[in-house]
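Worksheet for the structure shown next.
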Amino acid sequence: MTFDIQNKTVLVTGANRGIGKAILEEALQRGAAKVYAAVRNLDSATALVTQHGDRVVPVRLDLDDAASITAAAGTASDVDVVVNNAGVMRTVSALASDAIETLQFEIDANVYGLIRVAQAFAPVLKSNGGGAFVQLNSIASIKTFPQFATYCASKAASYSITQGLRESLKDQGTAVVSVHPGPIKTDMGDAAGFEDVAESPTLVATAIFDAIAEGHFHAWPDSLATQIGGAYESFANNVVEADMEEGVV
């Protein structure tokens, strides 16, 4: 399924900085009529409103707070594209003393948060003609790095949920995109020690809207992501994106 965002309404979680801000700005550049900046703190979106005027509408949304997500879906009842960009990451190995607690924290935002957003916004997208649902996953969805193993586990789970959403939302005409960035220049990336290899968030934003326009499920935005995506391509095409009979093990 392909989708044109010209004159459409977009919602971006975590839109106040980093990748989310780049996604919001790319949506506006491509002709979106309005972008909801879904953020935990409404004041954090003030600069975006100052810059872009009434084309940006702040709305409170916290991935850990189901009620805030439901309320945001009620406010953004005209949305055509939902980009779930927000997430959390801690640098913890599987052998760390706080590994379980860290994994619980990351699962709550990165997996349960995704499910909460999908459940709240799927009916909205359906009522508005289908549109698109985009999930920010990671190369860590398919490759585990030991220094942040718990984050990788949470992103592997979110990728699995995203695959399920692709099938579940197909009948209502909603295109689903799974985005798999490598190291990106953000506060989160810097905290993880990626400063020297990180690339621009604009690469992610461009890849997202290209994938929506061209009807691709996977998006591999940056240099490392492209390398991993190339190695993964055969499995992605022949297994992940293939129509397979239910019950196949």
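The values are calculated or read from the model by the stated rules, or taken from the named source; none is laboratory data. None of the values given here were measured: they were computed from a predicted structure. Cβ sites come from the backbone with ideal geometry, for glycine too, and all protein chains shown count toward neighbours. We work out accessible area using only protein heavy atoms, side chains counted, and drop any ligands, DNA or RNA first. Shrake-Rupley method; radii C 1.70, N 1.55, O 1.52, S 1.80 Å.
Numbers below:
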read-out	value
Set of lysines with alpha-carbon distance to residue 143 below 24 Å, sequence-local pairs under 8 removed	155, 185
Apportionment of accessible area to carbon and sulfur, the chain, percent (1.4 Å)	51
Residue-wise HN-Hα coupling along the stretch 227-241, computed from phi with Karplus coefficients 6.51, -1.76, 1.60 (Hz; x: Gly, Pro)	5, 5, x, x, 5, 8, 4, 4, 5, 4, 6, 8, 10, 4, 9
Long-range amide H partners of residue 134 with built H, under 5 Å	82, 83, 84, 177
Global geometry of the stretch 99-222, whether rounded, prolate or oblate, following the gyration tensor of its Cα atoms and the 1.5 cut on a/c	oblate
Inter-probe distance in nm under a simple model that places probes 7 Å from Cα toward Cβ, at residue 170 and residue 52	3.2
³J(HN,Hα) computed for each position of the stretch 48-62 - Karplus, 6.51 cos²θ - 1.76 cosθ + 1.60, integer Hz, glycine/proline x	5, 5, 4, 6, 10, x, 6, 6, 10, 10, x, 9, 6, 8, 10
Sum of -39500 (n - 2.57) over DSSP H runs of 4+, divided by residues of the chain (222 nm, nearest 500)	-13000 deg cm²/dmol
Under Karplus coefficients 6.51, -1.76 and 1.60, residue-wise ³J(HN,Hα) of the stretch 151-156 in Hz, glycine/proline x	4, 4, 4, 5, 6, 5
Distance (nanometres) between label positions extended 7 Å along Cα→Cβ at residue 1 and residue 143	3.1
Shape category assigned to the stretch 3-139 from the gyration tensor of Cα positions, a/c cut at 1.5	prolate
Cα-centred dipole magnitude for the chain, charges only on beta-carbon of K, R (+1) and D, E (-1), debye, nearest 20	420
Å² of accessible area per residue within the chain, as computed with a 1.4 Å probe and no ligands counted	45
